[in-house]
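A short worksheet on the structure shown next.
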Amino acid sequence: MWASIFVLHLLQGIPEALPLNPIARWEWVFPVVEAVHICGFSLLVGTILILDLRLLGWCLLRQPISVIAKGLAPWIWVGIAVQLTTGPYLFSSDPHEYVQVPAFRNKMLFLVLALIFHFTVIRKATEPSRDAASPIWRKPAACASLGLWLCVLLAGLWIGNL
Amino acid sequence: MGLLKFCEWLSHTSWSVSLRDGTYDYPVLLIIHVLSIALFGGMVAIGNLRVLGAAMRSVPVSQVIQQFRPWKWIGFGSLLVTGVLLSMSDPVEYGGNVMYWISLLLLLAAGVNAFVFRFGIYRSVASWDDAPLTPPSARRWAGLSLALWIALVFAGRAIAFF
């Protein structure tokens, strides 16, 4: 509890958007960056969804899991790059406001969890050495990945709702 | 019956009223709509990038396209149904919104593009399935498809501004 109060205190020290920041100056910049953020969302979550469907055994079955994972990995990175550029920029339009919205803080929490899960458990599940012997936790891991990204999406939609 | 009259009639139907006044109808539909964007958009992106030779090159083109097809139809069907229902929440507003109609035109163009690819160059896919470089005309259609879907996201986001 003390830790969260401390973090909140730190976050609230973030200043208002700078007056020269284009996103704070012109009304049209926000929706344009937001549209790029939606395209990046579709690429990142869509690509992870394809990988999870493969882990569940529902799609692209003729190739080993590691081959699919390797083919998709660069585009997951592109998706992450787009989202980690447009996201913080959208945030910079009104940092003081965002840090006080619970949905925003939940989204960041789930995002960190989803990314950690992807680069630990999912990475392990898609290693070439595991192609032949399918580990028993592979399908639960795919479901957990889907659940975590769904939470990121729900919290993200909720920010706009408030 | 003119368009405006039709929209006014539509806005008085019980479905439209419930979408406008209900607490959960709109957000639930929006969540399904955005989830479908991830499923459909992700597969459109990876499928087109495969034709462009930029993703999953170790998987033959025809396999990516065939394996994605049922999922794409599920995603597209769900996008269309939720999209129509979301439009019904305020038919008069959307019916008179130029960006709404531009979005629908872009959707139609993307559909025609997919049709031309499917029943044109794609019929000879067997001869370039594993080729290191796909035919220029296939790459043109794939590039155009990506551009149209991205334009649709931008136009869709712009609806709120007109």
Qualifying residues in the range B:117-148 (those that are outside any helix (DSSP H, G or I) and of a type in the set (A, V, I, L, M, F, W, C)) - the one modelled with the lowest pLDDT
B:Ala131
Please tell me if B:Ala109 is of a type outside the set (Ser, Thr, Tyr), at pLDDT 95 or above, in contact with a helix residue (DSSP H, G or I) (Cβ under 8 Å, 6 or more places away or on another chain) and under 24 Å from A:Ile50 (Cα atoms).
no
Count - residues of the range A:106-127 that are touching a residue at least 12 places away in the same chain (Cβ under 8 Å), under 18 Å from A:Leu55 (Cα atoms) and under 15 Å from the mean Cα position of the chain (by Cα)
5
Among the residues of the range A:42-74, what is the count of those that are touching a Gly at 6+ places or on another chain (Cβ under 9 Å), part of a helix (DSSP H, G or I) and facing chain B (nearest Cβ under 7 Å)?
7
Can you tell me which residue in the range A:15-39 is surrounded by the most Cβ atoms within 10 Å (Cβ to Cβ), limited to those that are more than 10 Å from every other protein chain (Cβ to nearest Cβ) and among the small types (Gly, Ala, Ser)?
A:Ala17
Return the residues of the range B:12-44 that are closer than 22 Å to B:Asn97 by Cβ, among the hydroxyl-bearing types (Ser, Thr, Tyr) and surrounded by fewer than 20 Cβ atoms within 10 Å (Cβ to Cβ); say none if nothing qualifies.
B:Thr13, B:Ser18, B:Tyr26
Got a sec? Which of A:Ala103, A:Ala81 is part of a helix (DSSP H, G or I), within 11 Å of the chain's Cα centre (by Cα) and more than 10 Å from every other protein chain (Cβ to nearest Cβ)?
A:Ala81
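One line per residue, one yes/no per condition, for (1) small (Gly, Ala, Ser); (2) touching a Leu at 6+ places or on another chain (Cβ under 8 Å):
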| site | (1), (2) |
| --- | --- |
| A:Leu44 | no, no |
| A:Leu51 | no, yes |
| A:Gly57 | yes, no |
| A:Arg62 | no, no |
| A:Lys70 | no, no |
| A:Val82 | no, yes |
| A:Thr86 | no, no |
| A:Phe91 | no, no |
Within the range B:45-66, considering residues that are over 17 Å from B:Leu144 (Cα atoms) and buried (at least 22 other Cβ atoms within 10 Å of the Cβ), the one nearest to the other protein chains (Cβ to nearest Cβ):
B:Met56
Consider the range A:108-145. How many of its residues are assigned to a helix (DSSP H, G or I), under 16 Å from A:Ile65 (Cβ atoms) and within 14 Å of another protein chain (Cβ to nearest Cβ)?
2
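The values are calculated or read from the model by the stated rules, or taken from the named source; none is laboratory data. As the structure is a prediction and not an experimental result, all values here were calculated from the model. Cβ sites come from the backbone with ideal geometry, for glycine too, and all protein chains shown count toward neighbours.
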